[in-house]
Amino acid sequence: LIETEKHYVGDLGLIVEGYMATMSSKGIPEDMKGKDKIVFGNIHQIFDWHKDYFLGELEKCLAEPERLAQLFIKHERRLHMYVVYCQNKPKSEHIVSEYIETYFEELRQQLGHRLQLNDLLIKPVQRIMKYQLLLKDFLKYYTKAGMDTEELEKAVEVMCFVPKRCNDMMNVGRLQGFEGKITAQGKLLQQDTFTVAEQDSGFLSRAKERRVFLFEQLVIFSEPIDRKKGFSLPGYVFKNSIKVSCLGVEPTVDGDDARFVLTSRNPDGSVVRFQLQASSPEICRAWVNDVVQILETQRNFLNALQSPIEYQRRESKSNSLGRSMRPPLSAASALRPHSSASIDRHKLPSLHSHNTSLPALYLPSQEKKKPLCLYLDILTIWPGNNRSILLLGSMLPLVTCPPVVISGLLSTVGPC
C-alpha cells in the first residue's frame, strides 16, 4: 500500500510539477486558453493532500497498523475531491484528445516523460478504485489471524462507496445534449443500461439500448455512443426525459420479473409508456422500489401541505408507537426521496440541515403586494390572490382558508 502510494504521488507530480508548471511558466497556445483548467480539474488539490499528508499518515501505520482503518474512515469527506475530479474527467478527456498528438506531445518530449498526459490523468481514477482492493487484502489477512475486523470492514465500505460515486459522476459527465442543469435534478439515485421500447398512441416502437438515469427530480433516457482512440469521450446522447411530477410506474409486464414500465403524463392528459427490459430481476426490483419511494414522498408532501396539522398528528402518533428505530424525521426530511441503491452508503436520506425548532409560520390571507417566497429545495410558495405551489414542475392548488400553517419545513425565508 505504501509503495504504490509513493508511485502514485510521483505520477501526480509529473502532472503538477511537470505539465502544469511548464504551461504556467511558458504560456499556452491561444486556442487553449481557459481550457487548461478543465484539463487538470482539481488534481493540484489531490496531489498536495497525498504528498503533504496522506502518504505520511500511511507510513505511520507501519509502526501502528491499527491506525489504518480509521485513516480511511476519518477522511471519507476529504476523499470527495475524487468525485469532483471524476465529474470533470469526461470534459478533460475531450480536450486532451484534441491536443494529444500536437501540443501535449511536444510537452511530453520536452519533459522527457514516458507516459502521455492522458495516461497520467487517469491515475487518480485508478487509485481511488484500487484502495478498496488493497483494504480487502488486509481484511482477509486480519480474518485469518483472528483479529478484530470491525473497523477495517467500515473502511472497506467507505472505499467501495467513494468509487461508486466517482463512477456515477463520470457517467453523468458523459451525457451530451441535455439542455437543463443536471445538478438541479437532485441526487443521482440509479443508473443502468436497459432495452427500452416507447409506446405512444398505442404504437410500441422498436426496442433500443438506452442508458437511463434516475435523479430525485427527473428520469433521463440517453443513447450510448461509440468511444474512439482509447479515450473515454462523452458517451451518452440525451434522447428523452420524464419529470418526476409526471412519473408513474408499472412494476411488471406480462409476468416478466426483469421488465417494468415508466409512464409520463402529458399536459393534455395523454400518457406515454416506456417499457424497460433490465438485465436481471434484481435491477428491475431496485428501480421499481426507488421510483415507488419517490412517488410516495410526493404524495406525503401534498398531504402535509393540504392537511399539515393532521399530517403532524399522524407522524407523531407513528413515532410514539415506535414504528422506526431511527430518530423521528422532520416533515421536511420525511418528504425527501432516497434510494436503496442511491449514493448514500448509509441507506438514509442525505438531508440538508433543517432547523426543526423553527416556530410555525402563519401565512395570512391578505399580504402586501410584494410576495414572500418560501424555499424548501424543490418547493416555492407564493401567497397572494392566486395562491399556488410549484412542486416538481406541476402547478397544484394550495389551501387558502383557514390560513395555512407550515411548521418545520422551511430552510430559508426571504422576500423575492
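Would you be able to say whether some residue in segment 87-105 is touching a helix residue (DSSP H, G or I) at 6+ places or on another chain (Cβ under 9 Å) and over 30 Å from T183 (Cβ atoms)? Scanning segment 87-105, I find at least one residue that is touching a helix residue (DSSP H, G or I) at 6+ places or on another chain (Cβ under 9 Å) and over 30 Å from T183 (Cβ atoms), so the answer is yes. Note on segment 181-204: residues that are modelled with pLDDT of 85 or more and part of a strand (DSSP E or B) amount to 12. Of all the residues in segment 135-180, those that are touching a Leu at 6+ places or on another chain (Cβ under 9 Å), in a loop (DSSP other than H, G, I, E, B) and more than 26 Å from K74 (Cβ to Cβ) number 2.
Examine segment 19-42 for a residue that is of a type in the set (K, R), more than 18 Å from A155 (Cα to Cα) and in contact (Cβ under 8 Å) with a residue 40 or more places away in the chain, and state whether such a residue exists. Give the derivation first.
Of segment 19-42, the ones of a type in the set (K, R) are 26, 33, 35, 37.
Keeping just the survivors that are more than 18 Å from A155 (Cα to Cα) gives 26, 33, 35, 37.
After this cut, where a residue has to be in contact (Cβ under 8 Å) with a residue 40 or more places away in the chain as well, the list is 35.
Yes.
Taken over segment 13-46, the criterion of being under 20 Å from L115 (Cα atoms) and more than 26 Å from the chain's Cα centre (by Cα) is satisfied by G13, L14, I15, V16, E17, G18, Y19, M20, A21, T22, M23. When segment 92-101 is filtered for residues that are hydrophobic (A, V, I, L, M, F, W, C) and assigned to a helix (DSSP H, G or I), the ones remaining, listed by number, are I95, V96. Contact annotation: residue pairs with Cβ atoms under 7 Å, 6 or more positions apart or on different chains, pairing a residue in segment 102-130 that is in a loop (DSSP other than H, G, I, E, B) with a partner that is among the aliphatic types (A, V, I, L, M), are H113/L14; Q116/I100. Across segment 49-94, the qualifying residues are those that are β-branched (V, I, T) and surrounded by fewer than 17 Cβ atoms within 10 Å (Cβ to Cβ), and the one among them that is farthest from K154 (Cα to Cα) is V84.
The values are calculated or read from the model by the stated rules, or taken from the named source; none is laboratory data. Please read all numbers here as calculations on a predicted model, not as lab measurements. Counting neighbours? That spans all protein chains shown, and the Cβs are built from the backbone with ideal geometry, glycine included.
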